[in-house]
Amino acid sequence: MRRLVLLGLLGLGVNGCVVDPIDPDTEKLEKPLCPDLVISDQSRSPSQSLSVGTASSALSSSSTTAQPVLVRFRSQAGMRSAAALRQREDTLQKAGGRLKYHWPSLDAAALSLTPEAQARLAQDPDVLSITPDRTVRALGLPSRVPVSALASVPETPAVPSEYTWSVRMTQANAVWDSNDDGAFDPDAPNGSGITVCVVDSGIDRDHPELKAAYVKGKDYIDDDEDPEDKDASGAWGGGHGTHVAGTILAQLGSGGQVDLNDSNLSPNGMVGVAPGARLLVARVLDERGDGRTSDVIEALKWCREQSANIVSLSLGSSTPDPVEEQTFQELWDAGILSVAASGNSGDATPYKPMYPAAYSTVIAVGAVKPDMTHASYSQGGEHLSLVAPGTGVYSTYPRGNSPFASLEAGGAFYRSSSFDYVPFEEYEGTLVDCGLGASMRSCLGASVTCDGFVAYVDRGDIRFNEKVKNVRSQGARAVIIGNNDPSDDETLGFTLGGPAEWPPVTAIPTTTVPAIRAQIGKTVRVGIRGGDYAYSTGTSMATPHVAGVAALVWSANRGLSNASVRRILESTAKDLVDPVGSPDSKVGPDPVFGHGLVQAKAAVEQAYRELP
């Protein structure tokens, strides 16, 4: 990420060659050839944001207005009769509250009250406590664009496969495809008969990898039955829940649109850890990745009502909540297994607990990198149960919303990389040499008109955003930037620095520059297409791996209790010790790796041994 920012803001070469600066007086005389195409900066709207875990203005409240709170009542015999419950609701309404949820089994309710009303209600002897309906957030790390350039992941061995590196690390494919032939083994456990409830930001339920597994959903943000990850205008959110769901149960051979620039990706997409499982979805996070504790509690109760076996929560808060904790206890007592992310503030607070992960009835999941070392962002502690792949995890994304570059010239497709903040557009036109793009007169030739052309620009001397602004003002409708540093060829992780009315902009590696330069004066096609998959990072991404392995274990032995499934997962995990990188790690359970890396094959074998 750090490298992305540095390279993106500075489109500079590293060869030490510096062209003479443009004379300031000459620059003052320069005027754009195409005034209507001049790029002006603009603020990014919330619906365009692809990040998660940021503060949501929609969830903030003034100290002088009604605030969302959770009210706990003292538990008393006979207070759950219909009359008693109506009496409690009357008490809340008389206090001026707008009742949201009432949970008799928890002796609690969610509502909105002014600070004054809270003070009055707190005097009621039946009221045990009044606490904020705290914000919970998605626990994926923020990223502006979900492109593979943001992640360093191992190459897929041999022929590109739907079996991602993270699925292989968990041994999931060894459970249902023991000979690695790309087909399910007959009668092998694959999650069949197990229902996983994903409590998150909603999903793209028509994604080709998910629609066969999807059973039912509930949206607590929009208050309807369609848990799509969209805002009020219909724009897709950050894709967090879709990514999580795909890791659990993306279907074999049901692929969507993949990034054509990545030769390591299978054209059939990817497969989840437990592709035979059924999917329930409860949307409790908005398009920014923020939600309320009350909606999480209500969603957990809905998951139970829908007969879920496993609940997966890639969300959390830094403070515990007694009503929420009691709800997870109810799920545990009902035989349901809950799995939650340990948190992403490990660099600052490595052992600070996050909730619900830190509750005793929840499996807390941390993250490891592709080399099985500790991911520094991953929070741990004595409550940590397991770790799983969390850095650069490839999974499903809302259809057509994961940008990748498309560059066609001379009848061939060339590898290129999309800049961030650029639109999903394609343009075909004559390729024009614009040199370094250092001025508003840098593009030369008869094709330079306001009717449009494709600008080829070399990296170096000035910022990428200035280059693009300069050639755009001369009529460029798309831009190709040729890299000059071979060390950046693999990622091409460049940025334009911020939102604006940018044209499609792509970068090409140094090895491709000669071939594209040879197309100057000829027609090329450049654009940004939308893929159906993305790389993402965080303990949010680690959590669904464990939920999926739990589904495999349970499908292998349906007679197991939730406690037995948890015991098997922890006892068969691969013990990880890194005395150099993680000095607090040790043989056996530790606060860095918990019991270790979740291992599906070993866990399923143990489940078989415990069959009656």
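The values are calculated or read from the model by the stated rules, or taken from the named source; none is laboratory data. Just so it is clear, the model here is predicted, and its values are computed rather than measured. No Cβ is skipped: glycine too gets one built from the backbone with ideal geometry, and neighbour counts run over all protein chains shown. Quick note on the areas: whole protein, heavy atoms, side chains included, nothing else; ligands and nucleic acids left out. Shrake-Rupley method; radii C 1.70, N 1.55, O 1.52, S 1.80 Å.
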Legend entry - Any hit, region 300-316, residues being of a type outside the set (K, R), farther than 30 Å from A556 by Cβ and in contact (Cβ under 8 Å) with a residue 24 or more places away in the chain: no
Inset, instruction - Please determine, by comparing only the residues of region 439-468 that are charged (D, E, K, R) and in contact with a strand residue (DSSP E or B) (Cβ under 8 Å, 6 or more places away or on another chain), which one is nearest to V524 (Cα to Cα). - result: D458
Legend entry - Selected residue (only one of G316, G253 is surrounded by fewer than 24 Cβ atoms within 10 Å (Cβ to Cβ) and small (G, A, S)): G253
Legend entry - Qualifying position, being more than 30 Å from I336 (Cβ to Cβ), under 17 Å from the mean Cα position of the chain (by Cα) and open to solvent by less than 10 Å² (accessible area, probe 1.4 Å), among S402, S395, S378: S402
Inset, instruction - Could you please find all residues in region 176-202 being over 16 Å from W302 (Cα atoms), crowded, with 17+ Cβ neighbours inside 10 Å and acidic (D, E)? - result: D177
Inset, instruction - Output the residues belonging to region 414-447 that are over 14 Å from V468 (Cβ atoms), of a type in the set (S, T, N, Q) and assigned to a loop (DSSP other than H, G, I, E, B). - result: S416, S447
Inset, instruction - Name every residue in region 322-361 that is touching a residue at least 40 places away in the same chain (Cβ under 8 Å), in contact with a Ser or Thr (Cβ under 6 Å, 6 or more places away or on another chain) and surrounded by fewer than 24 Cβ atoms within 10 Å (Cβ to Cβ), in order of residue number. - result: W332
Inset, instruction - Note down all Cβ pairs under 9 Å where the first residue falls in region 231-253 and is closer than 16 Å to G191 by Cβ, the second is surrounded by fewer than 24 Cβ atoms within 10 Å (Cβ to Cβ) and of a type in the set (D, E), and they're at least six residues apart or on different chains. - result: L252/D177
Legend entry - Residue under evaluation G291, criteria (1) in contact with an Asp or Glu (Cβ under 8 Å, 6 or more places away or on another chain); (2) buried (at least 24 other Cβ atoms within 10 Å of the Cβ); (3) closer than 27 Å to E225 by Cβ, criterion not met: (1)
